[in-house]
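Q: Take this structure, written in structure tokens, and hold onto it; I'll ask about it next.
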Amino acid sequence: MLGETTEDDGSAEPNTTHIAAGELADTIRTTLGPNGLDKMVIGENGTVIVTNDGSSIIEWMDITHPVGRLVEQTAAAQDSAVGDGTTTAVVLVGALLEEAATLRSNGFHPTTIIDGYVTAAETALDQLEQYERSLHSRHDDRLTQIAKTAVTGRWDDASTDRFAELTLSALRAVEFDTSRLTLKSYPGGELRDSVCLDGVVVDLETSSTSLDALSHPSIQTQDEPAIAMVDAEIGIEEPNHVESVELQDATQRNAFQAHEQDRKTELVEQVVQSGAAVLFCQKSIDEAVRTALAQRGVLPVERTRRDEFDVITRVTGTTPVMSVDELTADNTGTVASVTQRTVGTTQTLTLQGCPEEQRATLLLRGGTPHVAEEVRRIVADCIDVTRVTLDDGAFLPGGGAVPTALAMDIAALSRGIPDRTQLVFDGVGTALEAIPRTLATNAGTDPLSTLTAIKQRHDGGSETVGVGPDGHPHDMIAAGVLEPSTVFRSALQRAVAVVTQILRVDDIVRTSADERTVDAEHDHAHAATGGYPWAVGH
Ligand code: ADP
Ligand code: MG
């Protein structure tokens, strides 16, 4: 436990703060890159997920050590800000701490290490700009490569290609406005059955719409069917004030039933007169009305989800009415076509060619709910990474080419530093090399010789050479392994930030330990912080 680190006699032994973060980095390291291994994570309640997404793994790990939690928060922050690069950030944290441990055993004070790390990281971030490249436009094909790189290793190569392409075609269809794109994942079927549809897809399963009506031929063949939207229940209004109606005899009963029947006919007639071919109702529709509508060639869709109801209203240019009595041709809208299809076990309705708003829906498929969910996460990551790239417009060659180039820049610059800070700078360079080294290790090649070979290529002027998916040096631009500059930049920034925070904790631990040696009377000094001496600094 961390509290016990106060036993530290002030010598430079790495303490548990390093170990907690280091263990986390060790666990995560093997998942980095296209050859990263999957991890099976078993939750407390026995739920199992298999993934090699660093952020999901960390999220599922039951991290209790406070320093481990700091690293976890860093990964989570990276994930929510840029949607990628979490493993990279954690690997860098592990490597920077490892270097810090070596530096400390060489007599460096944590404060010196912190200052050196911060300066070296600033230098690296300045240097980073020279490796950045710019996108030509939103139609630049390299966006697809960037999306692909972000999800490489999450599924087989053919599928990741397909997901990246699907995502980009969907994003282009909505001019990169993600508020007009809907992701829907359905268990059942094959991954390759996933498609991008122009328009809005409505699930009918939850709406308990009479499926018989769906097979009505006129709706499917109709051009520009009119759409009606009713934002209330459709049926006989319940008497509000009377608790129950006593029907004395058969005549009365018949009269009542006839009245009900008339009312239902009136409702159906009103809908038919409006010319609507599809009627979306936000609440339920009386069963007899529903059947009658279907017979008259109107597709009744009841219990449309509120969000879908609002989207359909908007994109079709329909004016929703609060009662069928208000429904006329004037307040109907239209779409180019309405198609019914069965996706997995779900009946859906696709409204294509919406006049008021260009929309797209990605229908994602996976054999089981787990697979369907993972497919959804993969596509969401493709979307995030595209958004991040477009925001900044800059991308980098991947496969560790850039961290290698930065490590070489730092090594060159550190030679000009006259004092021992040089060694701290070198530590940051070595830590950056952890990225190409780990990629090589995970691909099964020797990390040292791979790194040496890559450095030689860089020296020869090919600064875009990194570790290819086969573990050997390749030009990453030619190989199409590209990533948004923001992802690496923020992974490095966050890694350095959390490492300096952890090193500060170390400093406090050491200082308290020193005080304790001087004044053994104050043995209870940390009792107030629950035995966590570092807590005083936060
Ligand atoms: P992170 O959580 O950091 O995104 P990943 O497991 O996605 O971790 O691995 C990202 C690393 O893998 C990056 O350095 C990236 O450049 C590299 N990478 C991705 N695809 C390839 C590829 N096809 N060949 C070589 N390196 C790749
Ligand atoms: Mg990634």
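The values are calculated or read from the model by the stated rules, or taken from the named source; none is laboratory data. Model, not experiment: these values are computed from the prediction. Reconstructed Cβ throughout: ideal geometry from the backbone, glycine too, with neighbour counts over all protein chains shown. Remember, those area values only see protein heavy atoms, side chains included, never the ligands or the DNA or RNA. Shrake-Rupley method; radii C 1.70, N 1.55, O 1.52, S 1.80 Å.
Q: If I filter the range 187-210 down to residues being surrounded by 13 or more Cβ atoms within 10 Å (Cβ to Cβ) and part of a helix (DSSP H, G or I), which single residue comes out as modelled with the lowest pLDDT?
A: The qualifying residue modelled with the lowest pLDDT is L191.
Q: Let me ask something else. Within the set of pairs 6+ apart or on separate chains, which have a first residue in the range 423-439 that is more than 13 Å from A100 (Cα to Cα) and assigned by the TED database to the domain that holds L125, a second that is in a helix (DSSP H, G or I) and open to solvent by 20 Å² or more (accessible area, probe 1.4 Å), and C-beta atoms under 7 Å apart?
A: Listed by first residue and then by second, the contacts come to I435/T88; R437/P447; T438/R29.
Q: Just to be sure before I move on: is T74 touching a residue at least 40 places away in the same chain (Cβ under 8 Å), within 14 Å of T486 (Cβ to Cβ), within 13 Å of ligand 1 (Cβ to nearest atom) and open to solvent by 10 Å² or more (accessible area, probe 1.4 Å) in the structure I sent?
A: Criteria not met by T74.
Q: Do we find that T319 is at negative phi and open to solvent by 30 Å² or more (accessible area, probe 1.4 Å) in this structure?
A: yes
Q: Okay, next question. G466 is checked against (1) open to solvent by 40 Å² or more (accessible area, probe 1.4 Å); (2) modelled with pLDDT of 95 or more and fails just one. What number does that condition carry?
A: Tallying (1) open to solvent by 40 Å² or more (accessible area, probe 1.4 Å); (2) modelled with pLDDT of 95 or more, G466 fails exactly one: (1).
Q: Testing T368 on (1) β-branched (V, I, T); (2) within 25 Å of D156 (Cα to Cα); (3) touching a Leu at 6+ places or on another chain (Cβ under 6 Å); (4) surrounded by fewer than 22 Cβ atoms within 10 Å (Cβ to Cβ), one condition comes back false. Which one is that?
A: In the conditions (1) β-branched (V, I, T); (2) within 25 Å of D156 (Cα to Cα); (3) touching a Leu at 6+ places or on another chain (Cβ under 6 Å); (4) surrounded by fewer than 22 Cβ atoms within 10 Å (Cβ to Cβ), T368 misses (3) alone.
Q: Can you name every residue in the range 119-168 that is small (G, A, S) and farther than 30 Å from V371 by Cα?
A: Residues satisfying the conditions are A120, A121, A124, S134, S137.
Q: How many of the residues in the range 46-71 are within 13 Å of ligand 1 (Cβ to nearest atom), without any contact (Cβ under 8 Å) to a residue 60 or more places away in the chain and surrounded by fewer than 22 Cβ atoms within 10 Å (Cβ to Cβ)?
A: Of the residues in the range 46-71, 1 are within 13 Å of ligand 1 (Cβ to nearest atom), without any contact (Cβ under 8 Å) to a residue 60 or more places away in the chain and surrounded by fewer than 22 Cβ atoms within 10 Å (Cβ to Cβ).
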